[in-house]
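Comments concern the structure below.
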Amino acid sequence: MLVLVAPGQGAQTPGFLTPWLDLPGAADRVAAWSDAIGLDLVHYGTQADADAIRDTAVAQPLLVAAGILSGAALGTGPFAADAAGSPGAVAGHSVGEITAATFAGVLGETAALGLVRKRGLAMADAAAITETGMSALLGGDPEVSVAHLEKLGLTPANINGAGQIVAAGTLEQLAALNEDKPEGVRKVVALKVAGAFHTHHMAPAVETLAKAAADLEPADPKVTYVSNKDGATVAAGAEVLERLVGQVANPVRWDLCMETFQRLGVTALIEVCPGGTLTGLAKRALPGVKTLALKTPADLDAARELIAEHA
């Protein structure tokens, strides 16, 4: 059984979209999306530097656009449960859930990009209220780490499995974490994000996103949709959209998503562009599962072979 996943913020790197725009029709498609949402995705995906694409309002639509574009290059999506080459399930990490929603047919491409543009702007505004950030904890026992983070006033915003937890909070709280790591944690790594996402600091963005979502008409997922709120499979499009709104201020439980993949019988996992983060977690948490990250179009042939083997 094949699972198709989409990464979240922090996966972007300068110029990562460049080779994808050489695919037939890709540049025109991205240019049309840019016009629709009022953001030059081509510029930010090819020429902008790391600081420019770290901006939440830029990074989020850029990631969703790249995920949709690379998924389409596989010759798939939105999927039908009985279509040849369809994955058994789709899921996304953080903003990647919007990408996954397009794969499942819950949202159309333009609607998804419009929603993520508003999400990025709202979260950037919320992040500007207080100086906040996120740091990854490498190693350690999850239960010990979570208790330690809560003692410092930090939120375990991403519990990613494979021994990785991401803490979020104010810069002062993160500085205290650097000086006082949980027992067993080898290293604390600051992430390239502009705020404490998936925490109470993002509460102002939830209301804005809820208003934007009210104008959308989601369809029910055509394939199994796994929510990163709790690893549950969601069968109603309205509930998928409700969860997309709420997850802005709720922790991401990617560990529970991977447990669900196991329960569903996963044998292969493909991560759309800019792939690497989620396949890395899967290699550690899902032994025996074949993984493939779409980094450039050179990875497409191998991905198609994997789809043919496992779909």
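The values are calculated or read from the model by the stated rules, or taken from the named source; none is laboratory data. All values derive from a computational prediction rather than experimental measurement. Note that we place each Cβ from the backbone using ideal geometry, even for glycine, and neighbour counts take in every protein chain shown. Each accessible area value is taken on the protein alone, full model and side chains, heavy atoms only, with ligands, DNA and RNA left out. Shrake-Rupley method; radii C 1.70, N 1.55, O 1.52, S 1.80 Å.
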Quiz item: Stretch K151-T267 to full length: gain in nm at 0.36 nm per residue minus the Cα-Cα span?
Solution: 37.9 nm
Quiz item: If the chain between A32 and A128 were fully stretched, how many nm would it gain, using 0.36 nm times the residue separation less the Cα-Cα distance?
Solution: 31.6 nm
Exercise. Considering only protein heavy atoms, with the full assembly of protein chains and a 1.4 angstrom probe, order H148, H43 by accessible area, largest first.
Key: H43, H148
Exercise. Would you check the accessible area of K283, probe 1.4 Å, heavy atoms only, in square angstrom rounded to 10?
Key: 130 Å²
Practice problem: Rounded to the nearest 500, what is the 222 nm mean residue ellipticity of the chain from helices alone, with -39500 (n - 2.57) per DSSP H run of 4+ residues and division by all residues? | Solution: -13500 deg cm²/dmol
Quiz item: For the chain, which whole-number percentage of the solvent-accessible area (1.4 Å probe, protein heavy atoms only) is attributable to carbon and sulfur atoms?
Solution: 51 percent
Exercise. Scan the chain and hand back the longest stretch that contains none of the GluC sites (Glu not before Pro) lying in DSSP loops with at most 15 other Cβ atoms within 10 Å.
Key: 1-130
Quiz item: Between E207 and E172, 0.36 nm times their residue separation minus their Cα-Cα distance comes to what?
Solution: 9.9 nm
Exercise. For the range 18-148, calculate the relative contact order in percent as a whole number, restricting contacts to Cα pairs under 8 Å that are 6 or more residues apart.
Key: 24 percent
